[in-house]
């Protein structure tokens, strides 16, 4: 029975390279001279922390970061911005989570979408991926097209296609 997996993965090495490029650009830009603007990465928790002297500079750092991530072909929809925190001396920081894997809610949404479409495919949540199986390859390709059209707020990859 043909199957494929719906997953969401981010290349952590490319994220690190984008953060390094962002920090290099911020230190060289004239409008950031003498400021404490930077981005730090926590690979274990998969978070990025952007620092700035005020909210405007923080937004500028975020813009540089998203531009660098996009140039390194990382989908910026995987970023989840948290609340801006004030840290002393008028400086601010913002934690940005790098979301990976299909969480339970999204997995349920995808399986419900497949079930409601009346296609002869089944979706099952297996950890942080959704495995879709069907009787024919053509049905699976139709299921991929349906999920691509319906789920647009989160980057998904379609992997491990087996006959």
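Which one of the conditions (1) within 13 Å of residue 20 (Cα to Cα); (2) under 15 Å from the mean Cα position of the chain (by Cα); (3) exposed (fewer than 14 other Cβ atoms within 10 Å of the Cβ) does residue 40 fail to meet, given that it meets all the rest?
(2)
Take segment 20-38 and flag every residue that is touching a helix residue (DSSP H, G or I) at 6+ places or on another chain (Cβ under 7 Å) and in a helix (DSSP H, G or I).
If the condition is that a residue be touching a helix residue (DSSP H, G or I) at 6+ places or on another chain (Cβ under 7 Å) and in a helix (DSSP H, G or I), then 21, 22, 25, 26, 32 are the ones that fit.
Taking the options 54, 142, 153, name whichever one is farther than 20 Å from residue 21 by Cβ, surrounded by 12 or more Cβ atoms within 10 Å (Cβ to Cβ) and either touching a residue at least 40 places away in the same chain (Cβ under 8 Å) or assigned by TED's automatic domain parsing to the domain that holds residue 18 (or both).
Checking each option against the conditions leaves just 54.
Among the listed residues 136, 148, identify the single one that is touching a residue at least 60 places away in the same chain (Cβ under 8 Å) and surrounded by fewer than 17 Cβ atoms within 10 Å (Cβ to Cβ).
Result of the check over 136, 148: 136.
I need a count of the residues in segment 82-104 that are farther than 23 Å from residue 56 by Cβ and either touching a strand residue (DSSP E or B) at 6+ places or on another chain (Cβ under 8 Å) or at pLDDT 90 or above (or both).
Residues flagged as farther than 23 Å from residue 56 by Cβ and either touching a strand residue (DSSP E or B) at 6+ places or on another chain (Cβ under 8 Å) or at pLDDT 90 or above (or both) within segment 82-104 amount to 5.
From the residues in segment 63-92 that are in a loop (DSSP other than H, G, I, E, B) and touching a residue at least 40 places away in the same chain (Cβ under 8 Å), which one is surrounded by the fewest Cβ atoms within 10 Å (Cβ to Cβ)?
Only one residue tops the list, namely 73.
Could you say whether any residue in segment 132-149 is modelled with pLDDT under 90, in a loop (DSSP other than H, G, I, E, B) and in contact with a helix residue (DSSP H, G or I) (Cβ under 9 Å, 6 or more places away or on another chain)?
Looking through segment 132-149, none of the residues is modelled with pLDDT under 90, in a loop (DSSP other than H, G, I, E, B) and in contact with a helix residue (DSSP H, G or I) (Cβ under 9 Å, 6 or more places away or on another chain).
All but one of (1) touching a helix residue (DSSP H, G or I) at 6+ places or on another chain (Cβ under 8 Å); (2) closer than 12 Å to residue 22 by Cβ; (3) surrounded by 15 or more Cβ atoms within 10 Å (Cβ to Cβ) hold for residue 46; state the number of the condition that does not hold.
Exception for residue 46: condition (2).
The values are calculated or read from the model by the stated rules, or taken from the named source; none is laboratory data. Quantities reported herein were computed from a predicted structural model and do not represent experimental measurements. Methodologically, a virtual Cβ is constructed for each residue, glycine included, from the backbone with ideal geometry; neighbour enumeration extends over all protein chains shown.
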